[in-house]
Amino acid sequence: MIDFTSCIRKLTLLVILFMSVHIGYAENPVVRAKFEGFECGMGIGGWLTNYKRFNVLPENRRMDITIGDLEHFREYITEWDVRNIAKMKMDHGRLGFDQIVVEEHNNPGVYREEIISHLINFVNWCGKYDLNVILNMHKAVGNYCDIKEELSLMEDPELQSRFINVWVELERRLTDYPDVVFELLNEVLNVDPELWNDLAERTVKAIRAINPTRRIVIGPTEWNSCRNLKYLRIYDDPNIIYTFHFYAPHEFTHQRGVLQADQLYYNRKMSWPCDDVERYNEYARLLYNIENAYAGIDRLDREWIRKELQPAIDFVNEHPDKILWCGEFGTIRHADMTSRENYMADVIAICKENQIPFCSWNYLSTPNDGNRFSLVDDDTRKILSRRMLKIIQGKAK
């Protein structure tokens, strides 16, 4: 007599075994490292960063912090804002600060106590509202992308020592906050990757001499381009996190921005997704004399973004035991809201598909921030659209 129950059980086991082999989860399933508590975050710029390196200021004034600046630091971001971000269901905040804000430019090794207090207050507010914290050196002396500098951080030993010492000082000041994550440098310029790898490793070693378990974030050169993840030095250290930023295509994300000469010159509205690819070809033709920069592409959409993000996808597949975090992406306020929403939805969808945690840019931007990527209203500080809120929460497609 046939035992149908036994046959069904055996057949079920065979099906499970077949599926596990063919999707790569046989006896040794690949388990990716998780960035627990840092799945969905909000960047906070315009408070202690992007400060104040504009060409409109003469060179002898670009490194100064004035009485008006100090008032801005005291007033711009408060506990209310941290609570507001927490209400948006973010699980972490990425706070940028500039080196010239923390350290007196003309007095190496002299740190502004008031600014250190602002950083600690921010950490305490985040703790109160269950937000995790990443502190990010947003602009370091010798590594500005928008202002030509006399000295390069990657080549000047004195600037490198000052850079490392800032992080050593912050480690000392934040010793009672072991869960705060340090992001060494926001966007390294397009330099020899080994110069940055060497400086990053020296900085890690200096921090490790005080705290062997501080979580540290490191991104690649060329402004954290995912294309350059392959050049990053990989550490045998579970507390090193790797990051990249994503703003492609810049013709859309930075359209009509006043800090980018090319986008300002082109001065054209761009939508997302876009079937009129010729608008993008015309940009390259006008600015760079390149014909058909988008040859073979009929539509700019989520699938185009997926191809652009392939180096990040390759990284997580090649290093499943390492954490890769998308630390920045967003769209300038000049873009129409529907296009902004669509773009954010596309980037987040691909990150989630590949188990890449993310942090959107940016909560709020000051009036003097030439790249206003803010996601809340300048006055009410309410999210600009309900759909946008669901998108950055990862709850909308």
Matching residues in region 255-275 - criterion: being open to solvent by 20 Å² or more (accessible area, probe 1.4 Å) and within 19 Å of residue 308 (Cα to Cα): 271, 273, 275
Sole exception among (1) open to solvent by less than 10 Å² (accessible area, probe 1.4 Å); (2) touching a Phe, Trp or Tyr at 6+ places or on another chain (Cβ under 6 Å) for residue 187, by number: (1)
Contacts under 8 angstrom Cβ, first residue in region 216-229 being closer than 8 Å to residue 245 by Cα, partner assigned to a helix (DSSP H, G or I), 6 or more apart: 226/308; 226/311; 226/312; 226/315
When residues of region 212-239 are limited to those that are surrounded by fewer than 19 Cβ atoms within 10 Å (Cβ to Cβ) and of a type in the set (A, V, I, L, M, F, W, C), the one nearest to the chain's Cα centre (by Cα): 223
Helices (runs of 4 or more DSSP H) (entirely within region 247-334) containing at least 1 residues that are within 22 Å of residue 42 (Cα to Cα) and of a type in the set (S, T, N, Q): 250-253
Filter result (in a loop (DSSP other than H, G, I, E, B), among the hydrophobic types (A, V, I, L, M, F, W, C) and open to solvent by less than 10 Å² (accessible area, probe 1.4 Å)) within region 357-397: 364, 373, 375
Residues of region 227-246 satisfying the condition of being out of contact with any Pro (no Cβ under 9 Å at 6 or more places or on another chain) and either outside any loop (DSSP other than H, G, I, E, B) or among the small types (Gly, Ala, Ser) (or both): 240, 241, 245, 246
Checking residue 172 against (1) in a loop (DSSP other than H, G, I, E, B); (2) open to solvent by 10 Å² or more (accessible area, probe 1.4 Å), the condition it does not meet: (1)
Some residue of region 233-240 being under 21 Å from residue 44 (Cβ atoms) and in contact (Cβ under 8 Å) with a residue 24 or more places away in the chain: no
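The values are calculated or read from the model by the stated rules, or taken from the named source; none is laboratory data. Just so we're clear, the structure is a prediction, and the values are computed from it rather than from any experiment. Cβ sites come from the backbone with ideal geometry, for glycine too, and all protein chains shown count toward neighbours. Heads up: the accessible areas ignore ligands, DNA and RNA and are worked out on the full protein's heavy atoms, side chains in. Shrake-Rupley method; radii C 1.70, N 1.55, O 1.52, S 1.80 Å.
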